[in-house]
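Student: Attaching a single structure in structure tokens format; questions to follow.
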Amino acid sequence: MKLYIDTLGCPKNTTDSEQLAGLFKSLGHTIVFTPDNADALIVNTCGFINDAKEESIDRILDLVAFKEAGALLIVTGCLSQRYGQELTKAIPEIDILLGVNDYESLPQILTDYKKGETKVLCNSAKTEYVEWGCRTSEKTSYSSYLKIAEGCNNICAYCVIPKIRGPYRSRKEDEVLKEAEALAKQGCKELILVAQDLTAYGMDLYGEYRLYALLEKLCKIDGIQWIRLMYCYEDRITDDLIRVIAKEEKICHYLDIPIQHASDKMLRAMNRRSTNASIRNTVKKLRKAIPDIHIRTTLITGFPGESKDDFEEMLSFVEEMKFERLGVFAYSKEEGTAAAKMKEQVPSKTKISRRNKIMEAQRLISLAHNTKAIGTVIEVLIEEKEEDGSYLGRSRFDAPEIDFSVLFTAAEKESLAPGDIVSVKIVDAFDYDLVGEYVEI
Ligand code: SF4
């Protein structure tokens, strides 16, 4: 069978799709990269917020057209898990609908499938992490996400993920290491660790937060040169974790720590455990232990009950803390969340103007950080060679798709390629990107 897999949403969905591809390839099927000659069209959806839901539904409807050639339409992922049968009623062209806990059942479902029937399978999460399938990364072999846990127990008031992905389940350490070694053998140089909450790793399985110990073992894998940490929860950034990040050369001095707000009143309303003081303290500890640490965070504007003062407090916090990387989202009211039932919903216009004000403040902060990089030599992972012979890549301080790029030139005689990690001298800086020249070290 020829399968086409279309992945939406977050890196965790990407790893699920790559595992699904690996499972089917291991059963002798073929993964194709255009829908037109596929026997099965799989849309791995996102159901996190309204915009993502709409994008997923549009993509499903786009692929309906390819059913004429006889292909089956299969919808998986968070939108399936969240809406199940409702989705097949809304889009009767869907042949098979699978939740996020049933991927490994798809080969058998396809074997047993009778044309014209609509098959729905949306089981709830199991109590332990289920290992299934073996990853195969079609896109790039030099950079891969590595999921170390599933689900979440934090229950933030605006978030539906715990309802979709279930309770927190850490993967067994040796399973994570086995997958990392397999990825390294496939040429992976950058491992990007992902979970809903990376820092909760191990508590459910080993009775302690063991991300630091897992990292020490991952650093021993030959071939891996960069290890990046995404989705860390502020109050679980332990001294052990900081010590290991500072000690291990392979771990990028980059930490993604979504804080969501800076006003204690709003953090409580969001059911976040952090406080303004605890965030300040963690940032101070990190910057003291790792002077070139680059902290990425995300914020939400317009959460129900957010007053002008709460917003001003967040804005001045951003101006004071000067995060190296920052994303801001206008609050999205999601049915099934505690926040959706809250009074004092903030008008969209206000949410968006507050988001824009923070982004404008951050643009100046980002330019100032980037300007300080002029004259320094940094490592860059090449992602593309441009037609004009220049190169585009990312530094140790930039995650794929969400952070900055480094555009640099090299002498024609240099045969550099995507996947190479090279040294670049920074000669110019913009709000979000850097410009440099290749230097031989
Ligand atoms: S930490 Fe909060 S925002 Fe993140 S997945 Fe868990 S509940 Fe959602």
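The values are calculated or read from the model by the stated rules, or taken from the named source; none is laboratory data. Since we're looking at a predicted model, the values are computed, not measured. In this analysis, Cβ positions are derived from the backbone assuming ideal geometry, glycine residues included, and neighbour counts consider all displayed protein chains. These area figures cover heavy atoms from the full protein model, side chains too; ligands, DNA and RNA do not enter into them. Shrake-Rupley method; radii C 1.70, N 1.55, O 1.52, S 1.80 Å.
Student: Just to be sure I understand the filter: pairs with C-beta atoms under 7 Å, separated by 6 or more residues or on different chains, first member in segment 27-46 and in contact (Cβ under 8 Å) with a residue 40 or more places away in the chain and open to solvent by 60 Å² or more (accessible area, probe 1.4 Å), second member among the small types (Gly, Ala, Ser) and not in a helix (DSSP H, G or I). Which pairs pass?
Tutor: Between residues of segment 27-46 that are in contact (Cβ under 8 Å) with a residue 40 or more places away in the chain and open to solvent by 60 Å² or more (accessible area, probe 1.4 Å) and residues that are among the small types (Gly, Ala, Ser) and not in a helix (DSSP H, G or I), there is no close pair.
Student: Further, regarding this structure: Answer with yes or no whether Cys188 is within 16 Å of the ligand (Cβ to nearest atom) and within 18 Å of the chain's Cα centre (by Cα).
Tutor: So Cys188 does not fit the description; no.
Student: Among the residues of segment 334-363, write down those that are within 18 Å of Asp398 (Cα to Cα) and in contact (Cβ under 8 Å) with a residue 60 or more places away in the chain.
Tutor: Arg363
Student: Here is a further query. Considering only segment 398-421, state which residues are under 17 Å from Ile441 (Cβ atoms), of a type outside the set (Asp, Glu) and surrounded by fewer than 19 Cβ atoms within 10 Å (Cβ to Cβ).
Tutor: Those that are under 17 Å from Ile441 (Cβ atoms), of a type outside the set (Asp, Glu) and surrounded by fewer than 19 Cβ atoms within 10 Å (Cβ to Cβ): Thr409, Ala411, Lys413, Ser415, Leu416, Ile421.
Student: Return the total of residues in segment 130-150 being part of a loop (DSSP other than H, G, I, E, B) and either more than 16 Å from the ligand (Cβ to nearest atom) or more than 20 Å from the chain's Cα centre (by Cα) (or both). Quick ask: steps written out before the conclusion?
Tutor: To start, the set of residues in segment 130-150 that are part of a loop (DSSP other than H, G, I, E, B) comprises 130-142, 148.
Still in the list and also either more than 16 Å from the ligand (Cβ to nearest atom) or more than 20 Å from the chain's Cα centre (by Cα) (or both): 130-142.
Going through segment 130-150 one residue at a time, the tally reaches 13.
Residue-wise test of (1) modelled with pLDDT of 95 or more; (2) among the charged types (D, E, K, R); (3) out of contact with any helix residue (DSSP H, G or I) (no Cβ under 8 Å at 6 or more places or on another chain).
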{"position": "Glu173", "(1), (2), (3)": "yes, yes, no"}
{"position": "Ala182", "(1), (2), (3)": "no, no, yes"}
{"position": "Lys185", "(1), (2), (3)": "no, yes, yes"}
{"position": "Gly207", "(1), (2), (3)": "yes, no, yes"}
{"position": "Lys220", "(1), (2), (3)": "yes, yes, yes"}
{"position": "Trp226", "(1), (2), (3)": "yes, no, yes"}
{"position": "Lys247", "(1), (2), (3)": "yes, yes, yes"}
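Student: Which of the residues belonging to segment 151-165 are closer than 20 Å to Gly202 by Cα and within 8 Å of the ligand (Cβ to nearest atom)?
Tutor: Cys152, Asn153, Asn154, Ile155, Ile161, Pro162, Arg165
Student: May I ask you to verify whether Tyr168 is free of Cβ contacts under 8 Å to residues at least 60 places away in the same chain, within 16 Å of the ligand (Cβ to nearest atom), within 17 Å of the chain's Cα centre (by Cα) and more than 30 Å from Ile378 (Cβ to Cβ)?
Tutor: Considered against the rule, which asks whether it is free of Cβ contacts under 8 Å to residues at least 60 places away in the same chain, within 16 Å of the ligand (Cβ to nearest atom), within 17 Å of the chain's Cα centre (by Cα) and more than 30 Å from Ile378 (Cβ to Cβ), Tyr168 comes out as yes.
Student: Taking interchain pairs and intrachain pairs at least six residues apart, which have beta carbon atoms under 7 angstrom, with the first residue in segment 412-425 and in contact (Cβ under 8 Å) with a residue 60 or more places away in the chain and the second charged (D, E, K, R) and loosely packed, with under 15 Cβ neighbours inside 10 Å?
Tutor: Listed by first residue and then by second, the contacts come to Pro418/Glu384.
Student: A follow-up question, please. Taking the options Asp264, Asp235, Asp222, name whichever one is in the same structural domain as Glu173 (by TED's automatic domain parsing) and within 13 Å of the ligand (Cβ to nearest atom). First the steps, then the outcome.
Tutor: Values: Asp264 fails: within 13 Å of the ligand (Cβ to nearest atom); Asp222 fails: within 13 Å of the ligand (Cβ to nearest atom).
Testing whether each residue is in the same structural domain as Glu173 (by TED's automatic domain parsing) and within 13 Å of the ligand (Cβ to nearest atom) leaves just Asp235.
Student: Still on this structure, please answer the following. Can you find a residue in segment 112-123 that is buried (at least 21 other Cβ atoms within 10 Å of the Cβ), without any contact (Cβ under 8 Å) to a residue 60 or more places away in the chain and not in a strand (DSSP E or B)? I'd like the intermediate steps shown before the answer.
Tutor: Start the filter on segment 112-123 by keeping residues that are buried (at least 21 other Cβ atoms within 10 Å of the Cβ), which leaves none.
Scanning segment 112-123, I find no residue that is buried (at least 21 other Cβ atoms within 10 Å of the Cβ), without any contact (Cβ under 8 Å) to a residue 60 or more places away in the chain and not in a strand (DSSP E or B), so the answer is no.
Student: Exactly one condition in (1) closer than 17 Å to Gly133 by Cα; (2) in a helix (DSSP H, G or I) is false for Gly28; which is it?
Tutor: Status for Gly28: all satisfied but (2).
Student: Do we have any residue at all in segment 249-263 that's open to solvent by 40 Å² or more (accessible area, probe 1.4 Å) and part of a helix (DSSP H, G or I)?
Tutor: No.
Student: Right, something else. Given the residues Glu379, Glu440, which is the only one that is out of contact with any Leu (no Cβ under 7 Å at 6 or more places or on another chain), acidic (Asp, Glu) and in contact (Cβ under 8 Å) with a residue 40 or more places away in the chain? Before the answer, list the steps.
Tutor: Details: Glu440 fails: in contact (Cβ under 8 Å) with a residue 40 or more places away in the chain.
None of the others qualify; the one that does is Glu379.
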